[in-house]
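A short write-up of the structure that comes next.
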């Protein structure tokens, strides 16, 4: 088969079957646009492999089988995407629920005799002296690590280590006080 015959055969095949195959695909993938894209891909692959497909294949069977397979792949992909989206939504809902529970617990805890200042003071007082000093200088006085290192004549690594100890201790002590932790641990 020469090149012009191949083009004519492809055009005839495209004109004769595109709409039918698109309708077939649309039954499964629902969206007109998705069905059209799938069928375009099928015809593109057929054209790219025209040297072997036109001579040895029942082209109508090839078109329907290829479209079926592409629809299956499309639907599998959509299912995975939907499952991922559902999982992300579920994790978001769990985070919201945890935040709600934390705030509800905070209201109960703060309505007792302690207020936020007392809770924070108690947690800070429980820190080792050097650790508390470094934490207060950094988080409450706003000094940079380099400045603290110069003032206390210690290395930045020591400051980082002491801040890590402080964070770990305060996370444990303030676990029921999420907003207070956010205030303490995040620079705004």
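Readers should treat all values here as calculations from the given coordinates under stated rules, not as data from a laboratory. No experiment lies behind these values; they were computed from the predicted model shown. A quick note on method: Cβ atoms are made from the backbone with ideal geometry, for glycine too, and the neighbour counts reach across all protein chains shown.
Directionally averaged projected area (region 128-170, Cα convex hull): 2.6 nm². Among 63, 174, the ranking by other beta carbons within 10 Å of each residue's beta carbon, starting with the fewest, stands as 174, 63. First measure r as the distance between the Cβ atoms of residue 33 and residue 95, then evaluate 1/(1 + (r/R0)^6) with R0 = 22 Å and state the FRET efficiency to the nearest 0.05. Rounded to the nearest 0.05, the efficiency is 0.05.
Were the residues from residue 7 through residue 81 laid out at 0.36 nm apart, the gain over their Cα-Cα distance would be 22.8 nm. Here region 26-40 and region 57-104 have alpha carbon centers that stand 17 Å from each other.
In units of the rule-of-thumb radius 2.2 N^0.38 Å, region 3-85 shows an alpha carbon radius of gyration of 1.19. Mean sequence separation of contacting Cα pairs (under 8 Å, at least six apart), scaled by the length of region 3-85, corresponds to a relative contact order of 31 percent. Placing pseudo-labels 7 Å out from each Cα toward the beta carbon at residue 60 and residue 44 gives an inter-label distance of 2.7 nm.
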